[in-house]
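The values are calculated or read from the model by the stated rules, or taken from the named source; none is laboratory data. Since this is a predicted model, take the numbers as computed values, not measurements. Reconstructed Cβ throughout: ideal geometry from the backbone, glycine too, with neighbour counts over all protein chains shown.
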Amino acid sequence: MVVNDLLIPGTSQWDVSLLEELFCGRDVEEITNSPLNPSGVDDIRVWHYDKKGKYMVKSSYRIARNFSEDDNRENSALWSKIWKLKLPPKIKHFVWRACTNCLPLRSNLSRRNIVVEPVCAFCRVEMETCWHVFVSCRYCRDCWREAGLNDFVEERAAAAESFTEFMDTGITDADHWLAAKLCAVMWSIWRQRNCEIWENSHTSAVVTVRVAAVVLSDWSISLGLGNAEFYNNTEEHSQRWKKPNFPYMKCNVDAAICQQRKLTGIGVVLRNDQGEFIVARTIYFPGIYAIREAEAISVREALSWLHDLGIRQVVVETDAKYVVDSLTSHEFGISEYDFVIQECRAFLQSEPEVSAKFVRRNANMVAHELAKGSFSFDSPSVWNFPPLCIVNLLSLDALD
Ligand SMILES: [Zn+2]
């Protein structure tokens with residue numbers, strides 16, 4: 001590919017949609033900021049190592065000495081391996097930049113005298129190097145575990161002497177999908193690293209891996225390559241959030257526990273049949289409830305809130321199967337949990353077009369993250385615009 005391929009044919013304008021396909025956002029910005037010559041003069045070869053652009057043997061000799069031939073040969077072998085992977089082009093470019101240490105890592109920037117604190121954006125302790133961000137940081141290790149790649153990464157990391165060697169053996173040892181998964185998760189970790197730095201937005205490893213899974217599977221389906229087998233436990237992970245059928249809305253709920261502050265939190269998110277965010281609510285209570293009880297309370301809170309809002313046609317989704325089972329059974333217990341269930345049943349009986357449904361955690365990620373984020377807001381809070389911690393997940397869900 002040459003630069004000319006990135007222009008709209010017959011014009012001297014960048015083909016922005018193609019650029020967006022091939023490069024990440026900030027690179028697209030850099031490229032589109034590069035001026036193009038509108039006068040249409042013919043292309044000429046320019047020796048960019050010389051200020052005047054003129055080629056001289058003396059200068060080429062000097063440059064050749066700086067590049068070791070072995071490096072070049074190894075690099076081109078690695079590049080051809082990366083190029084053959086089943087991956088969106090933007091991820092291949094990213095992996096290549098990581099392998100050649102061309103990412104704008106803080107350690108690289110500070111070496112070039114650009115003033116930044118060279119610490120990792122995730123742990124804020126260690127120096128931000130390729131090795132740290134993608135291999136040794138606690139955050140990426142959580143991601144590898146979530147993606148089921150923990151052992152694979154650890155074994156290669158133990159044997160490799162550099163990040164490039166680690167990637168080279170990783171890509172060589174893995175089959176196509178595994179290598180694609182490795183690279184996609186790495187790309188998503190980098191994407192999240194940029195969110196941490198530029199938007200100060202934090203996301204759990206579960207979400208970061210999920211972003212990689214969705215990007216990879218959407219791309220492979222669009223090319224007719226089939227669904228990328230991303231998770232080992234496919235049943236657990238393959239279910240995705242679905243838009244409700246008009247005129248119904250969908251309300252996802254979940255509960256979370258904060259051990260440190262001894263709080264139980266709840267997240268409730270309401271969306272319409274277009275997958276659009278309508279409103280959300282977070283609330284937390286003092287004390288650590290048993291998880292069964294916390295999940296039942298989250299459903300009750302959602303039902304009572306929907307009732308107050310006057311929303312009569314809605315499906316409430318929880319990832320707590322036992323709560324949905326209890327709601328449909330006719331048993332009466334006398335525990336706290338049973339009392340909460342009874343309250344839920346009363347709401348459901350008074351609203352014939354409100355129902356409660358079980359979904360797997362992956363289809364309930366928005367509520368899951370919001371519940372976990374609830375502790376950082378006032379309690380209770382109502383959100384007419386989505387809080388930052390669920391923005392990415394909402395757009396992933398809306399892709400369906
Ligand atoms: Zn770190």
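Here are some notes:
- Selection within segment 128-144: residues that are within 8 Å of the ligand (Cβ to nearest atom) and part of a loop (DSSP other than H, G, I, E, B). The member of this set that is surrounded by the most Cβ atoms within 10 Å (Cβ to Cβ) is GLU128.
- Close pairs from segment 374-400: first surrounded by fewer than 14 Cβ atoms within 10 Å (Cβ to Cβ), partner of a type in the set (Asp, Glu) and modelled with pLDDT under 90, Cβ under 7 Å, at least 6 apart: LEU399/ASP218
- Index of the failed condition, LEU105 passing every other in (1) hydrophobic (A, V, I, L, M, F, W, C); (2) more than 11 Å from the ligand (Cβ to nearest atom); (3) at pLDDT 90 or above: (3)
- The single residue among VAL125, VAL116 that is surrounded by fewer than 16 Cβ atoms within 10 Å (Cβ to Cβ) and touching a Leu at 6+ places or on another chain (Cβ under 7 Å) turns out to be VAL116.
- Test: GLU161 is closer than 21 Å to LEU370 by Cβ and of a type in the set (D, E, K, R): no
- Count of residues meeting criterion [modelled with pLDDT under 95 and under 30 Å from the mean Cα position of the chain (by Cα)] in segment 307-317: 0
- Of the residues making up segment 155-175, not a single one is in the same structural domain as ALA77 (by TED's automatic domain parsing), small (Gly, Ala, Ser) and either in contact (Cβ under 8 Å) with a residue 60 or more places away in the chain or closer than 21 Å to PHE23 by Cβ (or both).
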